[in-house]
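Just so you know, all these numbers are worked out from the coordinates, no wet-lab data involved. Computed from a predicted structure; not experimentally measured. A quick note on method: Cβ atoms are made from the backbone with ideal geometry, for glycine too, and the neighbour counts reach across all protein chains shown.
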Amino acid sequence: MKLQERGAPLGDLASHELPPRVPLLTKGINYCEKTLAIADSEIRKLRHDPTELLTRAVQPALWLLIFGEVFTRTRAIPTGGLPYLDFMTPGILAQSVMFIAIFSGIAIIWERDLGIVHKFLASPTPRTALVLGKALAAGVRGLSQAVFIYLLAWLLGVHLNWNPLALIGVVVFVLLGAACFSTFSLIIACLVKTRERFMGIGQVLTMPLFFASNAIYPIAIMPTWLQAIALVNPLTYEVEGLRQLMLGSTVNFAMLGLDLIVLLAASTVLVFIGGRLYPHVVV
C-alpha cells in the first residue's frame with residue numbers, strides 16, 4: 001500500500017512482491033546439464049581405468065565362442081530357422097549390458113564411504129538427475145560392450161543387420177536396458193547399504209534374470225511358470241528388441257514398439273523410485 005501511496009504503478013508492485021518465473025524450457029535445460037555432468041564424472045572414471053572394458057568382455061566372448069559354437073552344431077534348440085549363434089548373439093549383448101549395469105550400484109556405497117554422496121545431496125541437483133546421470137554412464141559402458149560383441153559376432157560369421165537405423169535402434173535399447181538395470185541396482189544399494197550384502201544380492205539376481213528370459217532359448221519351450229516370469233522380466237523385452245534390430249531384415253514395428261514402451265516405462269518408474277531412495281543411502 002505504501003508503494004501505491006507514493007505513486008508506484010501496479011506493475012512495479014507485482015515485480016517487487018512476486019519472484020520471477022523460470023521458464024519451463026530453462027528448467028529442462030538445467031536438468032539435462034546436471035544429468036550430463038553426473039554422467040561425465042562417471043565416464044571419466046572409465047577413461048582412467050579402461051582395463052574394466054577388457055575384463056567385462058571376457059564373459060560374453062566365452063558365451064559366444066564356447067556355448068554358441070557348441071549349440072549351433074547340436075541344433076537342439078528351435079530358433080525359427082536362424083543359426084543358433086545368430087539367435088543368441090542379441091541375448092548375450094543384453095546379458096552383458098545387464099551384468100555391467102546391475103553391479104554399478106556398488107559405486108554408490110563406495111561414494112557414501114568417501115563422502116561423495118553427501119556432497120551430491122548438498123548440491124541443488126535434483127535427485128532424479130543424479131540417478132539418471134549414473135544410468136546414462138552405465139549405458140555408455142554398455143555401448144562399449146556392444147561394439148565388442150558386434151566385432152566378435154562379425155568374425156564368427158553372424159549375419160548382422162548393418163542398416164544405420166537399425167544400429168541407432170540398438171543404441172537406444174542398450175541405453176534403456178542399462179538405465180533400467182543400473183537404477184534397479186542403485187535401489188538395492190540404497191536399501192542394503194553394505195558392499196557384502198549388495199554383492200550377494202547382485203549375484204543371486206543376475207543369473208535368474210538371465211535364464212528367465214529369451215536370451216538363449218525361446219519362450220515357447222519354457223515351462224508355463226517360467227513363461228509367466230519371462231513375460232514380466234524387462235530383459236526379455238530388451239532381448240526381443242535387439243534381436244529384431246540386429247538380425248531381422250524386416251521389423252515388426254508393433255512388437256518393437258511394445259518392447260520400447262516396456263523398457264521406457266520400467267526405467268522411468270525405477271528412476272523415480274531411485275530418486276526418492278537416493279538420500280537414504282547415507283542413513
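Over all other residues within a Cβ to Cβ distance under 14 Å of Leu231, the charged ones net out to -3, with Lys and Arg as +1 and Asp and Glu as -1. Once C-alpha pairs closer than 8 Å and six or more residues apart are averaged by separation and normalised to the residue number of the stretch 136-283, the relative contact order reads 33 percent.
Can you bin the stretch 125-202 into rounded, prolate or oblate? Criterion: square roots of the alpha carbon gyration tensor eigenvalues sorted a ≥ b ≥ c, rounded for a/c under 1.5, prolate for a/b above b/c, oblate for the rest.
Because a/c hits 1.5 or more and a/b fails to exceed b/c, the stretch 125-202 counts as oblate.
Working note: 222 nm ellipticity from helices only, DSSP H runs with n ≥ 4, each -39,500 (n - 2.57), summed and divided by the residues of the chain, gives -24500 deg cm²/dmol to the nearest 500.
The Cβ shell under 11 Å around Arg243 holds other residues with a net charge of -4, Lys and Arg each +1, Asp and Glu each -1. Averaging the sequence gap over all C-alpha pairs within less than 8 Å and six or more residues apart, then dividing by the number of residues, gives the stretch 22-282 a relative contact order of 28 percent. The largest-to-smallest principal axis extents of the Cα set in the stretch 33-75 are 51, 21, 7 Å. Shape analysis of the chain yields a ratio of the Cα radius of gyration to the Kirkwood radius, Rg/Rh, of 1.11. Annotation for the stretch 40-148: trypsin sites (Lys or Arg not before Pro) lying in DSSP loop with at most 15 further Cβ atoms inside 10 Å of their Cβ are Arg75. Counting only residues at least eight positions apart within a chain, or on another chain, the lysines with an alpha carbon under 25 Å from that of Lys134 are Lys27, Lys34, Lys45, Lys119, Lys193. Each Lys and Arg Cβ is given +1 and each Asp and Glu Cβ -1; about its Cα centre, the chain then shows a dipole of about 460 debye. Within the shell of other residues whose beta carbon sits under 13 angstrom from the beta carbon of Trp63, the net charge comes to 0, with Lys and Arg scored +1 and Asp and Glu -1.
Whole-Hz Karplus values for the stretch 98-109 come out as 5, 4, 5, 5, 6, 9, 6, x, 5, 4, 5, 5 Hz, taken residue by residue from phi with 6.51 cos²θ - 1.76 cosθ + 1.60 and θ = phi - 60°; glycine and proline positions read x.
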